[in-house]
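First, the structure itself, so that you have it in front of you.
The values are calculated or read from the model by the stated rules, or taken from the named source; none is laboratory data. What you see is a predicted model; the values in this text were computed from it and never measured. All Cβ positions, glycine included, derive from the backbone under ideal geometry; neighbour counts span all protein chains shown.
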Ligand SMILES: *Cc1c(COP(=O)(O)O)cnc(C)c1O
């Protein structure tokens, strides 16, 4: 399978797409054709475990990787997760399910792909005969950074530099990153919000001059952000797996449609669901849930994406994003894979800051996507009520998705022609990863200290506390540097030495 860029140019191999991270001129790689999964294949997946299902899906895209090695690497990666199943589907009540994706080493769904990306990158470098040092440069709204650091730490021939918005991540997220072990890692705060951080990092990727300067030092740049196709493909696997679990547990018959609700920031997670649907997985609606930073809600409702709007810091910080990078891939797909039009729209997004899609495109999107958002109050109320009703503590990001999902389900219930369908809400973080916000949602009280928050949530909910978060309490921070966005490249050069 070859990969092409949303902004045109020639096709490249999977290995090349993974190593490059971003295509020339800022484009994103997508598969040249979307590989179908047949009904027989889907049936065969029913009896597979998670690593086998994931290996099957990855094999559809990355066919130059030896299938047996891929499976053994996926088994190794997911063996580091808590429990036997890295992506368990939990039944809440009839027709409502949570897909728990937070059992990995850093307690957020980013582990699903970032536990696998190191192998994909190492293997890709091998396939391409790359001898240079690879630098993974990553902008993070909090969770990607930690998952990338953990995934790549002490990996030979690879260095990782993570940049996060100094005032835009939770205390726990900051502590997780600042205490990171490993001789090949750097963690730096950036003055500004995630969009400033992401824009500055993307600029380095697009700059020939930066590329040259790094090449002089024998360094090749790659990305662990969800712009990397090696992030996106492993995420497709859990949609298939959740669907198989619905069928295996006789919640639905094979072929019946299921809906998924996804708490969305950079549009990576939900885009994987879109590709799963395009591959033939019987997905009905993809519910795109935003917090108060709801550029995506407006986009899906009105057909105009407008980044010129106030930026809010919320209790779901990993979704505090105004420019959702992966939307470019969706635009490319719905435009009939028109790269010239995609370039035009991305230019308009840069300046004047907005673009609109055609009425037919909007109509097509509305057949797959439903969009909504949760205010801070909605989120608090949802987490509180959900715990009252089901005795299950949601994290605040998942709370956003649950609020929007339930709104959608109510709307569907009013439609006499609509068949009932199961709703799978994708749960992206452990509630213990955002203890202050979750404690506030559960009790209406503030707690200053994150670890006190963890203890109190545990007392209320009896949910098991992840060991990796407990251990943070006694780890001294290693990284304290904070820089302005325009100083990121300087910091990178210092780090690579
Ligand atoms: C990253 C993240 C999201 C948003 O995912 P995208 O792929 O950026 O849309 C939602 N919730 C949590 C906990 C996250 O870490």
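Would you say residue 295 is surrounded by 20 or more Cβ atoms within 10 Å (Cβ to Cβ), without any contact (Cβ under 8 Å) to a residue 40 or more places away in the chain and over 24 Å from residue 172 (Cβ atoms)? Explain how you work it out, then say what you get.
Values: surrounded by 20 or more Cβ atoms within 10 Å (Cβ to Cβ): yes; without any contact (Cβ under 8 Å) to a residue 40 or more places away in the chain: yes; over 24 Å from residue 172 (Cβ atoms): yes.
Judged against the criteria, residue 295 is a match.
Within the range 95-104, is there a residue that is in contact with a strand residue (DSSP E or B) (Cβ under 9 Å, 6 or more places away or on another chain), part of a loop (DSSP other than H, G, I, E, B), away from the ligand (no atom under 16 Å from the Cβ) and over 17 Å from residue 428 (Cβ atoms)?
Checking the range 95-104: at least one residue is in contact with a strand residue (DSSP E or B) (Cβ under 9 Å, 6 or more places away or on another chain), part of a loop (DSSP other than H, G, I, E, B), away from the ligand (no atom under 16 Å from the Cβ) and over 17 Å from residue 428 (Cβ atoms).
Restricting attention to the range 404-446, which residues are out of contact with any strand residue (DSSP E or B) (no Cβ under 7 Å at 6 or more places or on another chain) and within 14 Å of the ligand (Cβ to nearest atom)?
Just the residues of the range 404-446 that are out of contact with any strand residue (DSSP E or B) (no Cβ under 7 Å at 6 or more places or on another chain), to begin with: 406, 410-420, 430-432, 434-446.
Scanning the range 404-446 gives 430, 431, 432, 434, 435, 437, 438.
Also, I was wondering about something else. Of all the residues that make up the range 121-147, how many are assigned to a helix (DSSP H, G or I) and over 18 Å from residue 325 (Cα atoms)?
Here the count works out to 10.
Within the range 106-120, which residues are free of Cβ contacts under 8 Å to residues at least 60 places away in the same chain and either within 16 Å of the ligand (Cβ to nearest atom) or not in a helix (DSSP H, G or I) (or both)? So that I can check it myself, show each step before the final result.
As a first pass, look at the range 106-120 and keep what is free of Cβ contacts under 8 Å to residues at least 60 places away in the same chain: 110-111, 115, 118-119.
Of everything in the range 106-120, those that are free of Cβ contacts under 8 Å to residues at least 60 places away in the same chain and either within 16 Å of the ligand (Cβ to nearest atom) or not in a helix (DSSP H, G or I) (or both) turn out to be 110, 111, 115.
Could you say which residue among 384, 370 is within 16 Å of the ligand (Cβ to nearest atom), farther than 25 Å from residue 193 by Cβ and touching a helix residue (DSSP H, G or I) at 6+ places or on another chain (Cβ under 9 Å)? Please lay out each step first, then the result.
Numbers: 384 fails: within 16 Å of the ligand (Cβ to nearest atom).
Unique residue meeting the criteria: 370.
Return the total of residues in the range 347-368 being buried (at least 19 other Cβ atoms within 10 Å of the Cβ) and assigned to a strand (DSSP E or B).
Number satisfying all stated conditions: 1.
Further, regarding this structure: Between a residue in the range 130-144 that is closer than 19 Å to residue 172 by Cα and modelled with pLDDT of 90 or more and any residue that is away from the ligand (no atom under 16 Å from the Cβ) and part of a strand (DSSP E or B), which pairs come within a Cβ distance under 6 Å, given they are 6 or more apart or on different chains?
Nothing qualifies.
Still on this structure: Is at least one residue of the range 229-244 without any contact (Cβ under 8 Å) to a residue 60 or more places away in the chain, closer than 25 Å to residue 285 by Cα, assigned to a helix (DSSP H, G or I) and within 16 Å of the ligand (Cβ to nearest atom)?
Checked against the condition, which is being without any contact (Cβ under 8 Å) to a residue 60 or more places away in the chain, closer than 25 Å to residue 285 by Cα, assigned to a helix (DSSP H, G or I) and within 16 Å of the ligand (Cβ to nearest atom), the range 229-244 yields at least one hit.
Just need a number here: residues in the range 121-140 that are surrounded by fewer than 24 Cβ atoms within 10 Å (Cβ to Cβ) and within 14 Å of the ligand (Cβ to nearest atom). Spell out the reasoning first.
Start the filter on the range 121-140 by keeping residues that are surrounded by fewer than 24 Cβ atoms within 10 Å (Cβ to Cβ), which leaves 122-123, 125-135.
Okay, now just the ones that are also within 14 Å of the ligand (Cβ to nearest atom), so none.
The qualifying residues number 0.
Scan the range 387-401 and report the pairs whose first residue is under 14 Å from residue 97 (Cα atoms) and in contact (Cβ under 8 Å) with a residue 12 or more places away in the chain and whose second residue is part of a loop (DSSP other than H, G, I, E, B) and near the ligand (Cβ under 8 Å from one of its atoms), with Cβ atoms within less than 7 Å and a gap of 6+ or a chain change.
Between residues of the range 387-401 that are under 14 Å from residue 97 (Cα atoms) and in contact (Cβ under 8 Å) with a residue 12 or more places away in the chain and residues that are part of a loop (DSSP other than H, G, I, E, B) and near the ligand (Cβ under 8 Å from one of its atoms), the close pairs are 398/428.
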